[in-house]
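Below are the structure tokens for one structure; questions will follow.
The values are calculated or read from the model by the stated rules, or taken from the named source; none is laboratory data. Here the structure is a predicted model, which means the values were calculated and not measured. Cβ placement follows ideal geometry from the backbone for every residue including glycine, while neighbour counts extend to all protein chains displayed. Heads up: the accessible areas ignore ligands, DNA and RNA and are worked out on the full protein's heavy atoms, side chains in. Shrake-Rupley method; radii C 1.70, N 1.55, O 1.52, S 1.80 Å.
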Amino acid sequence: MKVLILGVNGFIGHHLTARILKETDWEIYGMDLSAERLGKSANHPRFEFVEGDISINKEWIEYHIKKADVVLPLVAIATPKVYAERPLSVFELDFEENLRIVRQVHRYGKRIVFPSTSEVYGMCADKEFDEENSPLVLGPIAKERWIYSCCKQMLDRVIWAYGRQGLAFTLFRPFNWIGPRLDSIETAKEGSSRVVTQFIADLVLGKPIQVVDGGEQRRCFTYVDDGIAGLMKILANRNGCANGGIFNIGNPANDHSIRELAEMLRELYGKHPRNRGKKIPPIVEVDSKQFYGEGYQDIQTRTPSIRRAKEILGWEPKVPMKTALKKTLDAFLAEADASRAGR
Ligand code: UGA
């Protein structure tokens, strides 16, 4: 099978690439702005990488869609601070650029596996979010945070509609996947990383961990290896089981408040051999208006139903929260130490 991955150096893209090359005989074509996270995969004989921007290298993309069996358009801005600060950039990249790719995949009769998001459920009041029944609840227009959710939802609907005209597709919805190389320390320095990287970077930089609006809001954190295992089942598509389906890929057992997350990371960080006896930065509270600006609004609980993924794909997550955090933290610290040594 030939797989085209756009955004191959991203968090999901580079983990997926390593897994495909390790466990299958599939070939990968990949494009991204850089290759820094690809490591050994970059020189693999079954991997063809091109450095480039998807909004510029349109001919390369069209040519490789024609050559591929399945296409994963993983390029997107995926950090809430940017949704509130630069909503048009989110629209242009996450929606417009990806729409062009969806249309080409349809035109050339190929299969698309599209990253929807847990965010499409928005402020849904259901205890567990169900792919086929839960309402998708967004806030007012002035709450610009929802533009990401709205772009992804619209693409879900467009892909679904093309599906009725014959497009082969699967939508998957990651629920707060975490793991090594989630976001870079550089984005965390600006305070615009997703929460786990942000908290680890705060600890490393000796800055207080800031919990937004009291930190009672909850997320279900999914270790990236589990998430990728789900995605591999979707790509393998045994007996066409994933065709035309939507799958939440999340870990309902790792359901924690943001304050609990901050406490767990502080504890793990303090126990790490390199930090014994050191003073660990405190947890402080910050108002969301101050942290994200007026355009922000939050979700209090976000728990996936994974019934469909279990029954149809035969997938379920295995990695508990403490292990997931420890692995993420250890990888981040090793990277920070290596970059300090290289300086
Ligand atoms: C994320 C992002 O939108 C995407 O990565 C993705 O589509 C989706 O959700 C997902 O990964 O499932 P969110 O969970 O709100 O959205 O993103 P985070 O930035 O990781 O924030 C989680 C929570 O931590 C929020 O309540 C936020 O206010 C809080 N937070 C964040 C803090 O309390 N302090 C910080 O320094 C950063």
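So how far, in whole Å, is the C-alpha centre of the range 205-228 from the one of the range 251-288?
When both Cα centres are located, 9 Å separates them.
Relative to the compact globular guide of 2.2 N^0.38 Å, what is the alpha carbon radius of gyration of the chain, as a ratio?
In units of the 2.2 N^0.38 Å rule of thumb, it is 0.97.
Students often forget the sequence filter, so: which lysines lie under 19 Å Cα-Cα from Lys326 once same-chain residues fewer than 8 apart are removed?
Lys326 reaches Lys271, Lys278, Lys318.
Per residue, how much accessible area does the chain have with a 1.4 Å probe, in Å²?
45
Rolling a 1.4 angstrom probe over the protein chains, ignoring ligands and nucleic acids, what is the accessible area of Trp177 in square angstrom, nearest 10?
Roll a 1.4 Å probe over it and Trp177 shows about 20 Å².
Enter the Cα centre distance for the pair the range 296-312 and the range 36-92, rounded to the nearest angstrom.
26
Can you give the three extents of the C-alpha atoms in the range 1-141 along their principal axes, from longest to shortest, in whole Å?
Principal extents (largest minus smallest coordinate, Cα): 48, 32, 31 Å.
Relative to the present Cα-Cα distance, how much length would full extension add between Ser184 and Ser55 at 0.36 nm per residue of separation?
Gain in length upon complete extension: 44.2 nm.
Considering only protein heavy atoms, what is the solvent-accessible area of Glu294 at a probe of 1.4 Å, reported in Å² to the nearest 10?
Its heavy atoms expose roughly 120 Å² to the probe.
Can you list the aspartates and glutamates whose alpha carbon sits under 12 Å from that of Lys143, skipping same-chain ones fewer than 8 residues off?
Output for Lys143: Glu85, Glu294, Asp298.
Which value, in Å to one decimal place, does the Kirkwood hydrodynamic radius take for the range 112-244 when every pair of different Cα atoms is included?
Final number for the Kirkwood radius of the range 112-244 is 17.0 Å.
Counting residues in the range 182-285 as N, plug N into 2.2 N^0.38 Å and put the Cα Rg over that result.
1.34
Then there's this: Only four residue types carry charge here, +1 at the Cβ of Lys and Arg and -1 at the Cβ of Asp and Glu. Report the dipole size of the range 86-175 about the Cα centre in Debye, rounded to the nearest 20.
Roughly 380 debye, rounded to the nearest 20.
Hey, got the dipole for the range 256-343? About the Cα centre, +1 on K and R Cβ, -1 on D and E Cβ, debye to the nearest 20?
So the dipole magnitude of the range 256-343 works out to roughly 460 debye.
Can you run phi through the Karplus equation (6.51, -1.76, 1.60; θ = phi - 60°) for the range 84-95 and list ³J(HN,Hα) in whole Hz, with x for Gly and Pro?
For the range 84-95, the Karplus-derived couplings read 6, 8, 9, x, 5, 4, 5, 4, 5, 7, 5, 9 Hz, x marking Gly and Pro.
While we're on this one: Along the range 237-250, what does the Karplus equation 6.51 cos²θ - 1.76 cosθ + 1.60 (θ = phi - 60°) give for ³J(HN,Hα), rounded to whole Hz, x for Gly and Pro?
Computed from phi, the couplings for the range 237-250 are 6, 4, 6, x, 4, 8, 4, x, x, 10, 10, 6, 10, x Hz.
Lysines near Lys110 by alpha-carbon distance under 29 Å, same-chain residues fewer than 8 away left out - which ones?
Within reach: Lys2, Lys22, Lys40, Lys58, Lys66, Lys67, Lys152, Lys233, Lys310.
I'd like the GluC sites (Glu not before Pro) in the range 30-86 restricted to DSSP loop residues with at most 13 other Cβ atoms within 10 Å, sorted by number.
The qualifying sites are Glu36.
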